[in-house]
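The values are calculated or read from the model by the stated rules, or taken from the named source; none is laboratory data. These numbers were taken from a predicted model, which means no experiment stands behind them. No Cβ is skipped: glycine too gets one built from the backbone with ideal geometry, and neighbour counts run over all protein chains shown. Note: accessible area is taken over every heavy atom of the protein model, side chains too, but ligands, DNA and RNA are not part of it. Shrake-Rupley method; radii C 1.70, N 1.55, O 1.52, S 1.80 Å.
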Amino acid sequence: MVGEVASFVEYLRDVKKTSKNTQVSYQRDLLQLCDYLEDQGIRDVAKVTKTSLNSYIFYLEREGRATTTISRVLASIKAFFHYEFVCGKIRRDPAELLKAPKIEKKAPVILTVEEIERLMAQPCGRNAKEIRDKAMLELLYATGIRVSELVHLKLQDLNMTVGFITCRDEQKERMVPFGRVAKKALNDYLEDGREVLLKGKESEWLFTNCSGLPMSRQGFWKIIKFYGDKAGIKNDITPHSLRHSFAAHLLKNGADIHAVQAMLGHSDMATTQAYMAYFGKLEKAREKNL
């Protein structure tokens, strides 16, 4: 089955033009399935049944895997066996009727304005790392972009004159404006931080780590957790918390919901409207505790 998985990943890369992260995720999930099935004596993709796949899902549940993880794995399995069926390599799709576990949706963490101010005040030193961290935090909150978009920004995506960034994915691009606070932080970083981190190297990426290499999502997650703890914020904040807070604060202050939708890159208005509902519930809960 390993060879079939390799062919599927090539299909994702060459035909579907999926991102590298997507290819790596599918490959990892499917190779782990292969290992499990081989332990059960199943090495031929045509011998895989709905029962054997259900057995694997139950195995993941017994191992204590999160429902979100199992749902992702199931999506990988469904995509792979659908590909095998369409290509005529199997006569029946054993994953067609598999059902994903129900996922309880958690309300997003939305920080108060005071918490945002405390968070932004933490990187206050003049060394290159803190100057970079300040710029990344300010830009993330000022634009509401995703952390993947933040770390993949290139110098050419930044327009300091007009004050906007260009975010791109495989299908579209959008321009998102930022204000004077983020602009000052970015200017400080470009003048006093970036060249120090690069150590004489050249890079097309806007933000780099302390070795002059592109910043990773995991690296920025550690940064925001560090400053969140330092600011005394009790909620377990993530980069997405700033995205949620950006949207909720704009909407609370009367911003046009269509403009917020465009800045966030939401294709569905309902996703943007959910912020208004969540924020309303949060405000009521806070008022009760006063």
Point to revise | Filter pass, GLU38 being in contact with a helix residue (DSSP H, G or I) (Cβ under 8 Å, 6 or more places away or on another chain) and open to solvent by 60 Å² or more (accessible area, probe 1.4 Å) | key: no
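Go through region 115-165 and give me each residue that's assigned to a helix (DSSP H, G or I), of a type in the set (Lys, Arg) and either touching an Asp or Glu at 6+ places or on another chain (Cβ under 9 Å) or under 20 Å from GLU195 (Cα atoms) (or both). Before you say what the answer is, go through the steps one by one.
Of region 115-165, the ones assigned to a helix (DSSP H, G or I) are 115-121, 128-143, 147-151, 155-157.
Keeping just the survivors that are of a type in the set (Lys, Arg) gives 118, 129, 132, 134.
LYS129, ARG132, LYS134 - these are the residues of region 115-165 that are assigned to a helix (DSSP H, G or I), of a type in the set (Lys, Arg) and either touching an Asp or Glu at 6+ places or on another chain (Cβ under 9 Å) or under 20 Å from GLU195 (Cα atoms) (or both).
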Review point. For region 7-15, does any single residue satisfy the condition of being in contact with a helix residue (DSSP H, G or I) (Cβ under 7 Å, 6 or more places away or on another chain), in a helix (DSSP H, G or I) and open to solvent by 50 Å² or more (accessible area, probe 1.4 Å)?
Key: yes
Study note, to complete from the structure: Considering residues that are more than 17 Å from GLU130 (Cβ to Cβ) and among the aromatic types (Phe, Trp, Tyr), the number found within region 184-236 is 2
**Study point:** Single residue of ARG168, ARG174, ARG217, ARG243 found to be more than 19 Å from ILE110 (Cβ to Cβ), open to solvent by less than 70 Å² (accessible area, probe 1.4 Å) and either basic (Lys, Arg) or without any contact (Cβ under 8 Å) to a residue 24 or more places away in the chain (or both)
**Key:** ARG174
**Study point:** Contacts under 9 angstrom Cβ, first residue in region 56-84 being under 15 Å from VAL9 (Cβ atoms) and without any contact (Cβ under 8 Å) to a residue 24 or more places away in the chain, partner charged (D, E, K, R) and open to solvent by less than 60 Å² (accessible area, probe 1.4 Å), 6 or more apart
**Key:** HIS82/ASP93
Study note, to complete from the structure: Conditions (1) open to solvent by 20 Å² or more (accessible area, probe 1.4 Å); (2) part of a helix (DSSP H, G or I); (3) of a type outside the set (Lys, Arg) -> GLY232 fails only (2)
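If I filter region 66-88 down to residues being among the small types (Gly, Ala, Ser) and outside any helix (DSSP H, G or I), which single residue comes out as modelled with the lowest pLDDT?
Of all residues in region 66-88, those among the small types (Gly, Ala, Ser) come to 66, 71, 75-76, 79, 88.
Retained after the next criterion (residues that are outside any helix (DSSP H, G or I)): 66, 88.
Numbers: ALA66: 80, GLY88: 90.
Checked region 66-88; the qualifying residue modelled with the lowest pLDDT is ALA66.
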Practice item. Could you identify the single residue in ASN235, ASN209, ASN159, ASN253 that is of a type in the set (S, T, N, Q) and more than 24 Å from the chain's Cα centre (by Cα)? Key: ASN253
Review point. Hey, any hits in region 132-148 for a residue that's open to solvent by 30 Å² or more (accessible area, probe 1.4 Å) and more than 20 Å from HIS240 (Cα to Cα)?
Key: no
**Study point:** Condition broken by LEU74, with the remaining ones in (1) aliphatic (A, V, I, L, M); (2) under 21 Å from the mean Cα position of the chain (by Cα); (3) open to solvent by 40 Å² or more (accessible area, probe 1.4 Å) satisfied
**Key:** (3)
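Here is a check on your reading of the model: is LYS154 open to solvent by 30 Å² or more (accessible area, probe 1.4 Å), at pLDDT 95 or above and among the charged types (D, E, K, R)?
Numbers: open to solvent by 30 Å² or more (accessible area, probe 1.4 Å): yes; at pLDDT 95 or above: no; among the charged types (D, E, K, R): yes.
For LYS154, the condition - open to solvent by 30 Å² or more (accessible area, probe 1.4 Å), at pLDDT 95 or above and among the charged types (D, E, K, R) - is not met.
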